[in-house]
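In what follows, a structure is listed as structure tokens, so that the remarks can point back to it.
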Amino acid sequence: MTKLLYMDNSYLKEFEAEVVEIDGNEVVLDQTAFYPRGGGLPEDTGVITKGLENYTVDQVRKEGDKVFHHLTSLGLSLGDKIKGTINWEKRYTIMRMHTGIHALASVFNKKTGALITGNQVNTDKSRLDVNIEKFDRKLIEDVFLETNEELAKGKNVKIYYLPREEALKIPGIVKLAEAMPPNVEKLRIVEIEGLDIQADGGPHVSNTKEVGELVLNKVENKGKNNRRVYFTLKPEKLTQ
């Protein structure tokens with residue numbers, strides 16, 4: 001089992017671990033800060049270091065309770081003590097995008113009752129699919145305006161855990177049209193104070209001011225009741 005360090009600290013850039021399994025060019029560690037691809041988010045990339053040797057991590061996936069780190073070259077052995085370093089610029093951009101998309105989904109839901117039918121977070125642009133019946137560009141622009149106003153208020157983003165039954169009683173905890181949180185005893189809750197609360201397993205910023213501004217790029221029709229919105233961040237880069 002790999003301990004998921006990113007679940008409790010999205011700002012962890014480096015960590016120490018032990019190699020507990022090797023499968024080809026993939027290694028499993030006893031703990032990791034690398035986020036594996038999933039939930040509409042890309043995986044972290046970075047470096048694993050043993051002594052003076054560096055090994056590039058270009059893909060990360062989760063299978064069961066293990067996280068597999070794919071290395072472009074391999075010189076590690078079972079039991080090796082390593083240091084992991086994630087690509088922070090990529091991670092922090094994803095954190096900003098991810099918190100931003102939560103805020104956007106919440107405002108869509110509150111203004112229109114729309115649920116989320118899909119999403120994809122990337123460093124250059126992200127997309128959100130919502131089941132709005134009519135194509136209304138002005139409505140969508142208004143949602144972005146309100147979302148940016150909320151983000152600018154500097155709302156704290158809290159992460160905590162609740163028993164599954166208790167969490168599912170919270171109104172609005174599920175905003176995905178065709179999905180439920182994983183069937184586990186405790187759910188990880190991400191709450192943007194006064195704006196949004198969702199069960200979620202990905203990295204986030206700790207305050208909405210870090211997100212910056214969401215910039216609407218384009219809107220597409222993706223079926224009878226489905227609208228896809230693409231957006232970017234302004235400013236493009238922030239350091240933390």
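The values are calculated or read from the model by the stated rules, or taken from the named source; none is laboratory data. Bear in mind the structure is a predicted one, so any value in this text is a computation, not a measurement. All Cβ positions, glycine included, derive from the backbone under ideal geometry; neighbour counts span all protein chains shown.
Results for (1) in contact (Cβ under 8 Å) with a residue 60 or more places away in the chain; (2) under 19 Å from THR123 (Cβ atoms); (3) assigned to a loop (DSSP other than H, G, I, E, B), shown as yes or no for each residue.
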position	(1), (2), (3)
GLU18	yes, no, no
TYR55	no, no, no
PHE68	no, no, no
LEU74	no, no, yes
Among the residues of region 122-149, which ones are touching a strand residue (DSSP E or B) at 6+ places or on another chain (Cβ under 8 Å), surrounded by fewer than 18 Cβ atoms within 10 Å (Cβ to Cβ) and within 19 Å of VAL205 (Cβ to Cβ)? ASP124, LYS125
Check region 88-105 and report whether any residue there is acidic (Asp, Glu), out of contact with any His (no Cβ under 7 Å at 6 or more places or on another chain) and either closer than 19 Å to TYR6 by Cα or part of a helix (DSSP H, G or I) (or both). yes
Examine region 18-26 for a residue that is in contact with a strand residue (DSSP E or B) (Cβ under 7 Å, 6 or more places away or on another chain), surrounded by 15 or more Cβ atoms within 10 Å (Cβ to Cβ) and hydrophobic (A, V, I, L, M, F, W, C), and state whether such a residue exists. yes
Name every residue in region 212-240 that is surrounded by 14 or more Cβ atoms within 10 Å (Cβ to Cβ) and at pLDDT 95 or above, in order of residue number. GLY212, GLU213, LEU214, VAL215, LEU216, VAL229, TYR230, PHE231, THR232, LEU233
Verdict on LEU139 being over 30 Å from LYS13 (Cβ atoms), touching a Leu at 6+ places or on another chain (Cβ under 7 Å) and among the hydrophobic types (A, V, I, L, M, F, W, C): no
Counting only residues that are surrounded by 12 or more Cβ atoms within 10 Å (Cβ to Cβ), on the phi < 0 side of the Ramachandran plot and not acidic (Asp, Glu), region 39-82 contains a total of 24
Looking only at strands (runs of 3 or more DSSP E) that fall completely inside region 137-240, which ones have 1 or more residues that are closer than 16 Å to MET97 by Cα and of a type in the set (Lys, Arg)? 227-234
Flagged in region 20-53 as at pLDDT 95 or above, under 18 Å from the mean Cα position of the chain (by Cα) and in a loop (DSSP other than H, G, I, E, B), in numbering order, are ALA33, PHE34, TYR35, PRO36, ARG37, PRO42, GLU43, ASP44, THR45
So in region 191-211, with the set limited to residues that are crowded, with 20+ Cβ neighbours inside 10 Å and either more than 17 Å from the chain's Cα centre (by Cα) or small (Gly, Ala, Ser) (or both), which one is nearest to TYR6 (Cα to Cα)? GLY202
